[in-house]
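Structure, as structure tokens:
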Amino acid sequence: MNIVDRFLKYVSFHTTSDEETNMTPSTPGQMEFARYLADELKSIGMQEVSLDSNGYIMATLPANAPDAIPTIGFIAHMDTAPDASGKNIHPRIVKAYDGKDIVLNEAEHIVLETAKYPEILRYQGQDIIVTNGKTLLGADDKAGIAEIVTAMEYLIQHPEIRHGKVRVGFTPDEEIGQGADHFDVKAFGCDFAYTMDGGAVGELEFENFNAASCKIHVHGVNVHPGTAYHKMRNSMRIAYQIAVMLPRFQTPEHTQGYEGFYHLIGMSGTVEETTLNYIIRDHDRTQFEYRKREMEHLVRKINTEYGEGTAEIELRDQYYNMREKIEPVMHIIDLAKEAITAVGVTPVVKPIRGGTDGARLSFEGLPCPNIFAGGENFHSRYEYLPIPSLEKASQVVLEIVKRAK
């Protein structure tokens with residue numbers, strides 16, 4: 001199966017993750033996809049293929065060289081983000097993209113506009129996979145899986161390429177910050193690894209956000225509005241008060257580069273009960289800790305004004321900036337740069353304004369920087385994947401395996 005057909009098959013699986021289920025994997029479609037992948041890995045000739053009860057897949061490409069070569073891992077995640085629907089994805093290939101706006105869905109007037117997404121102009125003349133405008137595409141991170149599997153298949157079919165032991169790992173629930181929860185680093189048994197989970201062609205990342213999730217529960221009092229004077233306490237209005245006390249311009253839409261943010265990702269409630277769901281992000285650990293303390297401070301202010309217990313906070317660290325774990329082993333970054341350059345692409349080293357499984361795995365003893373998967377506009381109905389970028393990423397995997405010493 002070629003890499004495009006493989007990717008198109010993968011996106012037919014509905015694997016949106018859900019942090020509310022408290023299960024691993026968090027949704028049944030991920031396990032369905034995992035079973036398919038495990039069977040596929042066996043069919044192409046991978047060894048030691050395992051699928052555990054939590055949906056984690058591991059497999060081995062045995063070494064065929066007599067030299068002592070480090071064991072390298074390649075990791076990607078099976079879930080898609082809950083930010084946009086991942087059900088009934090209908091991909092379409094735009095042949096030889098002409099540089100104009102792409103009508104994704106004529107009936108509903110959904111258009112991928114170059115004025116809003118000018119990065120797409122870099123791919124003029126290329127074949128590009130897009131959606132029908134109703135769902136995300138799933139290149140994050142099914143492109144990464146397709147790239148890894150395709151590279152492994154090529155190596156199996158070309159035993160003349162000498163290489164060390166290679167391990168492959170596919171994880172559930174990365175998009176909800178739980179992808180590394182049950183990943184057995186010791187069983188994976190690698191000297192270092194790479195996640196194939198980056199964005200545009202050329203990206204190479206070994207810095208990421210420090211990340212936390214934050215839930216604030218606001219308790220109100222509901223009485224008939226006609227007799228509410230000095231009795232009603234509207235939890236929705238109090239929740240809104242919390243939201244507007246945060247710095248207006250420290251949000252995703254107003255920050256870039258190394259700048260951190262507070263991001264309100266969900267708000268639901270009634271007069272009696274309201275919940276605010278935030279994610280907190282910052283590359284700098286000191287600023288990250290400050291941001292968490294600021295959320296706790298706002299809750300204390302609310303409780304001082306409205307009474308103890310009006311607001312309650314749940315803070316949970318999700319992952320930390322991997323840079324401190326990668327800097328002592330920068331030769332693995334040099335290896336990735338060499339591989340990217342070897343396939344005719346200029347490496348673009350940049351911080352991740354997000355996180356990967358590799359961030360947590362780096363803190364568990366497995367240095368794990370991130371390499372581009374090739375897609376753009378992740379988590380969106382405007383997501384797209386240039387086919388040459390997909391192919392180049394798979395070639396990078398091959399080059400890393402061939403060049404490792």
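The values are calculated or read from the model by the stated rules, or taken from the named source; none is laboratory data. Quick caveat, the model's predicted, so the values are computed rather than measured. Note: ideal-geometry Cβ built from the backbone for every residue, glycine included; neighbour counts use all protein chains shown. To get the accessible areas, we keep the full protein, side chains included, count just its heavy atoms, and leave off ligands, DNA and RNA. Shrake-Rupley method; radii C 1.70, N 1.55, O 1.52, S 1.80 Å.
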_Helix-only estimate, please: 222 nm mean residue ellipticity of the chain, summing -39500 (n - 2.57) across DSSP H runs of length 4 or more and dividing by its residues, to the nearest 500._
-9500 deg cm²/dmol
*Send over a whole-number figure in Å² for the accessible area per residue of segment 54-99, probe 1.4 Å.*
40
_Can you list residues from other chains, or at least 5 along the same chain, whose modelled amide H is less than 5 Å from the amide H of Tyr97?_
Gly125, Gln126, Asp127, Ile128
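So between Asp127 and Glu20, what do we pick up on full extension, going 0.36 nm a residue minus the alpha carbon distance? List each step's numbers first, then the result.
Numbers: separation 107, 0.36 × 107 = 38.52 nm, distance 3.76 nm.
Value of the extension gain: 34.8 nm.
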*asked:* Suppose a student asked you for the relative contact order of segment 251-393, using Cα pairs under 8 Å spaced at least 6 residues apart; what percent would you report?
replied: 15
*Whose amide H sits under 5 Å from the amide H of Asn132, counting only residues 5 or more places off or on another chain, with H placed in the peptide plane?*
His90
*Global size of the chain as Cα Rg and Dmax, reported in angstrom*: 22.8, 84
*asked:* Let me check the size of segment 318-374 from its C-alpha atoms; what are the radius of gyration and Dmax in Å?
replied: 11.7, 36
*Using θ = phi - 60° and the Karplus curve 6.51 cos²θ - 1.76 cosθ + 1.60, what whole-Hz ³J(HN,Hα) does each residue of segment 386-397 get, with Gly and Pro shown as x?*
x, 4, x, 5, 4, 5, 5, 4, 5, 5, 4, 4
*Near the amide H of Glu203, under 5 Å away, which other amide H atoms are found, from residues 5 or more places off or on another chain, if H is placed in the peptide plane?*
Val348, Phe372
*Could you run the Karplus curve 6.51 cos²θ - 1.76 cosθ + 1.60 with θ = phi - 60° over segment 245-251 and give me ³J(HN,Hα) per residue in whole Hz, x for Gly and Pro?*
6, 6, x, 4, 9, 9, 10
*Rounded to whole Hz and in sequence order, give me ³J(HN,Hα) for segment 143-156 from the Karplus expression 6.51 cos²θ - 1.76 cosθ + 1.60, θ = phi - 60°, writing x for Gly and Pro.*
5, x, 5, 4, 5, 5, 4, 5, 5, 5, 4, 5, 5, 5
*asked:* List the lysines whose Cα sits under 17 Å from the Cα of Lys337, skipping any in the same chain fewer than 8 residues away.
replied: Lys350, Lys392, Lys402, Lys405
*Enumerate the aspartates and glutamates that Lys186 could reach by cross-link, defined here as Cα to Cα under 18 Å, with residues fewer than 8 away along the same chain left out.*
Glu48, Asp52, Asp357, Glu364
*Per-selection metrics, segment 77-130 (Cα): Rg and Dmax in Å*: 12.7, 33
*Tyr229 versus Asp39: modelled label distance in nm, points set 7 Å from Cα along the beta carbon direction*: 7.1
_Along the chain, longest interval not containing exposed chymotrypsin sites (Phe, Trp or Tyr not before Pro), exposed being DSSP loop plus at most 16 other Cβ atoms within 10 Å_ = 1-228
_Only sites in a loop by DSSP and with at most 10 other Cβ atoms within 10 Å count here; which trypsin sites (Lys or Arg not before Pro) in segment 159-265 make the cut?_
Lys231, Arg248
*What residue among Ile280, Tyr258, Val348 has its Cα farthest toward the positive end of the dipole of segment 249-354, where the charges are +1 on Lys, Arg and -1 on Asp, Glu, each on the Cβ?*
Val348
